[in-house]
1. When the Kirkwood hydrodynamic radius is evaluated over all pairs of different C-alpha atoms of the range A:38-142, what value in angstrom, to one decimal, is obtained?
2. What cysteines in the protein assembly as shown have no other cysteine with a beta carbon less than 4.7 Å from their beta carbon?
3. In whole angstrom, note down how far apart the Cα centers of the range A:211-248 and the range B:26-54 are.
4. Note down, for the range A:145-395, the three equivalent ellipsoid semi-axes (square root of 5 times each alpha carbon gyration tensor eigenvalue), biggest first, whole angstrom.
5. Which of B:Ser158, B:Ser176, B:Ser139 moves the most in a Gaussian network model of chain B with Cα springs under 10 Å?
6. At what distance in angstrom do the alpha carbon centres of the range A:133-152 and the range A:261-305 lie from each other?
7. How compact and how long is the protein assembly as shown, expressed as Rg and Dmax of its alpha-carbon atoms in Å?
8. Most exposed first by the Cβ proxy, i.e. fewest other Cβ within 10 Å, how do A:Phe326, A:Phe178, A:Phe430 rank?
Amino acid sequence: MRRSRRRLFLAAALAGTALIIGNVAAYAHNPQLDLSAESSFSLSAQTTTLLTRVDHPLAIIAFLTAGGPEAADASYLLARYQELNHYIHWSVVDPDANPGEARRYGISAYSTVVLSYQGRRVTSPDVQEGDISTAILRLLRGRTETVCVLTGNGEPSLSDSGPNGLSDLSVLLSQNAFAPRTIDLTLGVAAVPPACAAVLELGPQQSLPATEVAALESYLRGGGRLMVLTSSLSGTDPNPLLSPWGIGFVGGLVLDPARSEGVDWSDVVVQDLPSLNPVDQGVSSLQFPAPSGLLVNTAQGSVSVLASTSPQSYIDPNPQSGSVAFGPGDVPGPVVVAAAADVSRVVTSTAGPGITSTHVERTRLVVVGCDTWMTNGFLDNLGNRRFFANAVAWLTDQDSLVVATSQPPGNRPLPLTPALQFELLGITVFAVPGALISLALLRAAVVRRQEKEPVPGRTRPSPNRRRRRRRRR
Amino acid sequence: MARRDIRSIWLSAYGVGCGAGFLALAGVLLVLDLRSDQARLDGWFSPLFVVVALLAALFSVRSFAEEERTGSLEILTTMPLGRGQLVAGKILGTSGALMIALAITVVCPLMVALVGNPDPGPILTGYVGLVLAGVAFASVGVAVSAATGSFLVAASGSSAILLALWFGGVLARGLSGRLQTVLAYLSPYSHVTGFLRGTLAVADVVYFLSLAVVGVLATRLVLEARR
């Protein structure tokens, strides 16, 4: 007996060890089979490779309304990131339930994700694989890109927290590992500092001096990255700067009776974002107040239309006339209101006698015919914030860093009407359990009846004996 | 042995009462889940895992504690059965009874499929998860039931263990470091996420099978100690 007991304990110890080894192995290499329709939670090979580089704690906080399907999907996706790298820790915070936490992180929009790694922090505009993996890649790069913002021509200020200011935009840049730096090319020697990863001209209110235009032209020719936001209301003519790259500024005021905010036809809602350019990625609509039209040379393959207005829209070249209805002289839509140019060329340079070297210079340009959509008053409207963040990321070569394969779970609407709710409750809460109880009662009745029925050739047991037998049973 | 236990659970007023309560609760959870106006059932499966743990605790008390109370355990131990066979039969019996209850809940996804268009993948994996978790929970419950002759102690003991395991994972989320990793891994709470989202992960399957084996070993050791 003692020997069999010893053998049992030995077998239990061996089985326990095997279980621990099996679980550790499964934890370390955790392959999975995704049976969901959209393979929503299978991360791409790129993301998997990227996550192997995370070797310090990485915190991910998703700000979402708790309890909804979005929060559930976010937790499933973030749990998958954690399964692939155990340095990753995540949480879903409801900004309405935890306003202090949301304020501490400067959250102004739902679905914002804050990622922190080794003292650095970036935000992702959505809880989707592409956004989160790109944000992780930015964190892993470990450097902050300088983004130069031009001043000196009446541009709104980065420190202005009023509705026309750019303080929110400054915060957005800082939260995405960009260091905004203001430069004034109207003073001193006009030249873009080499530290600038991109230059932003955000709504000049007066014409740019010739020296500044020359400096920017030279910068673009040397592989510069420039964003120009302008409108006809500012009275500037950016064409000398833009036309060599296949984009022209038409001016005028774009009016869109089909898609506008409220009754103001000039407060245009842009829903046609036809480009595959990463600037348009994840953006479904934009709000551009008082935009102007652009002209793009589509024959030049390097130019793409980022946003255009509806076919019912038109350009009013003379908005001061007072009439907003389509009239003679107006240019019918759709009107291009945002465009991008991406021009690459091989440059051969001579480093010394008989020594030549070649390198690729790549100029990138984003032009928007509206200079107010990124101000504090409009940045959080529709997809404006994401469009701006995408544009800066594209200009600084931080776009499309991760090709996401997972798709968010599809929308499967099922409106729970009172009638349907009543039906569901009736069947699942009452009918099914009721049927089970009824079957049990029926069976008990049948058994009792069988007990009462006399078996031929057998005497009926006395009531006391029957009671005893039932009790035994 | 397993067939005898399944019959004794489902032909008793106790088993039918527990089963009917479980099914009614599953119906209420379904309606609460569908309030998101989406034909998706992950929000139904998630609390159902906890309810299955409680049902496993209630069903498993009949395996040993009830037998001991009625005095039939002695007859069982004298039957020409090995201890291993006895334990396996008891766990299979409790798991089988649970599977019958789970099979009846298929009415809920069927009703949703009739009025909406749910993704079948997460429903399939949800049921795979419930079956695996049900066997693991039943195994733990049978081990607790073998350790005591009291029906009440067995029911409350196994419920407490299973709920502590579950909520240990919830608490672990507030911790950090190795302790958090170990606590989270030991909790079934961390292992149901994959099933809810429509994925079958090896670690989750291995975890629930391991928990079932731990229950078998514990039951075997408890019976040996009580001999």
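1. Numbers: mean 1/r = 0.0728 Å⁻¹.
Answer for the range A:38-142: a Kirkwood hydrodynamic radius of 13.7 Å.
2. Flagged as lacking a Cys partner: A:Cys370, B:Cys18, B:Cys108.
3. About 58 Å separates the Cα centre of the range A:211-248 from the one of the range B:26-54.
4. One finds semi-axes of 31, 20, 18 Å for the range A:145-395.
5. So, out of B:Ser158, B:Ser176, B:Ser139, the one fluctuating most is B:Ser176.
6. 25 Å
7. Using the Cα atoms of the protein assembly as shown, the pair Rg, Dmax is 34.5, 126 Å.
8. Values: A:Phe326 16, A:Phe178 23, A:Phe430 12.
Lowest to highest Cβ neighbour count: A:Phe430, A:Phe326, A:Phe178.
Bear in mind these aren't lab numbers, they're just calculated from the coordinates by the rules spelled out. Every value quoted in this text rests on a predicted model; they were computed, and no experiment measured them. Ideal geometry is used to build each Cβ from the backbone, glycine not excepted, and the neighbour counts take in all protein chains shown.
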